[in-house]
Every structure is written in C-alpha cells, then in structure tokens.
Amino acid sequence: MAKPARRRCKNDECREWFHPAFANQWWCSPECGTKIALERRSKEREKAEKAAEKKRRREEQKQKDKLKIRKLALKPRSYWIKQAQQAVNAFIRERDRDLPCISCGTFTSAQWDAGHYRTTAAAPQLRFDERNIHKQCVVCNQHKSGNLVPYRVELINRVGQAAVDEIESNHNRHRWTIEECKAIKAEYQQKLKDLRDSRREAA
C-alpha cells in the first residue's frame, strides 16, 4: 500500500510539512495532535450548544404561538368586529386616497377617516359595505357628526341614486359573527395589498 502523501499539519500555529503514518493523521506531533483534538472538541461542543439553543428558541416560539392562538380564541366578538373594521377602513382610505373629503371637499386634513354614511350604530348591517364608507376629513366625521347632508349629495354622484336608496332602505339588522369578521379582515387585508401592488405597477 502506498504511503499517504506529505501534508501540512492542521495545527494553525504549526503548519509544518510532515509524512503521516496513516491516512487520517493530520498532525505532525503528539502535541499538535492534542491541540487539534481539543479544538475539534471545542467546536463540536459549540455546535451542539448552538443546536440546543436553536431548538430551545424553536420550542419557545411554538409555545408563544400556542398561547397567542389560545388568547385569540378567548377574544370577544367586539374585538373581531374592530379588527375587521380597521381592515375595511384601511382599504377605503387607500381606495379614496386621491379623492377629497366626501362631505366638504377638502383635500387637506390632519387625519383622514373612513366615514360611514349610515352609522355603525344605526345600521350595523352596513358597517362593512364599501358603498356606505368613504374617505372623510376628521372635522366632518368626528366634529360635525358625519356632515351628512353634503355627504349624501356627493354619495349620489359617486355610487348613484339607486345605490343610495338601497343603503337608506336597508333595515335588515345583522349580527356579525366572529368567523365572518375574521373572513372580512383577511379579505380586506388582501384587497388593500392588491390595490397597492396594482398602483405600484401602474406608476
């Protein structure tokens, strides 16, 4: 059998050339062999510690996820209605971003709201109806009780008389379920993303 070729010692502080006695010998002396073995053990221990830490973090995240799911399962219906409304409102503000306030026509506002023509208290069945919600300045929405007279005039211009008549005549009360609200939240988060993506592509 041919002898292994000359090679360099794996000890970084040595690196001398030597002729190994067997194929997997990578040290030129017992001292270098000991040093290499200790370094290898140290690296293996470090690797094992990192793997254990990674596993611990993974398990910790799993527990956090489970806890989050349990907490969400305990959330009341009002929480999910609010979550769904926030998603719908965000979409409405983006949809109407280039339009003025539906009531007063201003293009400037300290804050833009998604204002309902028929309020969520008066017509909860219409709280997520896009035809019933439009971008509105904070003054009209919060300080002028929706400023509904000019709102109605512009609403007819935007959605048509037939749609306004339908909104005004809808008295079919509806109690939104948690599952419905979750679905609406997901739907409008996706619609918002799609709208923003399409606008970026068109820019």
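The values are calculated or read from the model by the stated rules, or taken from the named source; none is laboratory data. Remember, predicted model here, so these are calculated numbers, not experimental data. Don't worry about glycine lacking a Cβ; one is built from the backbone with ideal geometry, like all the others, and counts go over all protein chains shown.
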> When both residues are 6+ apart or on different chains and their Cβ atoms are under 7 Å apart, which pairs have a first residue that lies in segment 104-117 and is within 17 Å of residue 150 (Cα to Cα), and a second that is aromatic (Phe, Trp, Tyr)?
Replying inline: 117/151
>> So for segment 36-58 (the condition being under 30 Å from residue 183 (Cβ atoms), touching a Cys at 6+ places or on another chain (Cβ under 9 Å) and at pLDDT 90 or above), does at least one residue qualify?
In response: no
> Here is a list of conditions, (1) touching an Asp or Glu at 6+ places or on another chain (Cβ under 8 Å); (2) not assigned by TED's automatic domain parsing to the domain that holds residue 181, and residue 57 meets all of them except one; can you say which number that is?
Replying inline: (1)
> Do you know which of the residues in segment 87-131 that are closer than 17 Å to residue 188 by Cβ and among the acidic types (Asp, Glu) is surrounded by the most Cβ atoms within 10 Å (Cβ to Cβ)?
Replying inline: 113
> Yes or no: residue 39 in contact with an Asp or Glu (Cβ under 9 Å, 6 or more places away or on another chain), among the acidic types (Asp, Glu) and either in a helix (DSSP H, G or I) or in the same structural domain as residue 144 (by TED's automatic domain parsing) (or both)?
Replying inline: yes
> Of all the residues that make up segment 67-76, how many are surrounded by 10 or more Cβ atoms within 10 Å (Cβ to Cβ) and at pLDDT 85 or above?
Replying inline: 2
>> If residue 33 meets every condition in (1) in a helix (DSSP H, G or I); (2) within 27 Å of residue 184 (Cα to Cα) apart from one, which number is that one?
In response: (2)
> Got at least one residue in segment 75-89 being part of a helix (DSSP H, G or I), closer than 19 Å to residue 158 by Cβ and in contact (Cβ under 8 Å) with a residue 60 or more places away in the chain?
Replying inline: yes
>> Tell me yes or no: at least one residue of segment 147-157 is closer than 20 Å to residue 191 by Cα, of a type in the set (Asp, Glu) and in contact (Cβ under 8 Å) with a residue 12 or more places away in the chain.
In response: no
> Residues that are within 30 Å of residue 69 (Cα to Cα) and hydrophobic (A, V, I, L, M, F, W, C): which helices (runs of 4 or more DSSP H) entirely in segment 95-203 hold 2 or more of them?
Replying inline: 178-202
> Can we say residue 6 is loosely packed, with under 10 Cβ neighbours inside 10 Å and touching a strand residue (DSSP E or B) at 6+ places or on another chain (Cβ under 6 Å)?
Replying inline: yes
>> Looking at 18, 22, 91, can you tell me which residue is at pLDDT below 90 and among the aromatic types (Phe, Trp, Tyr)?
In response: 22
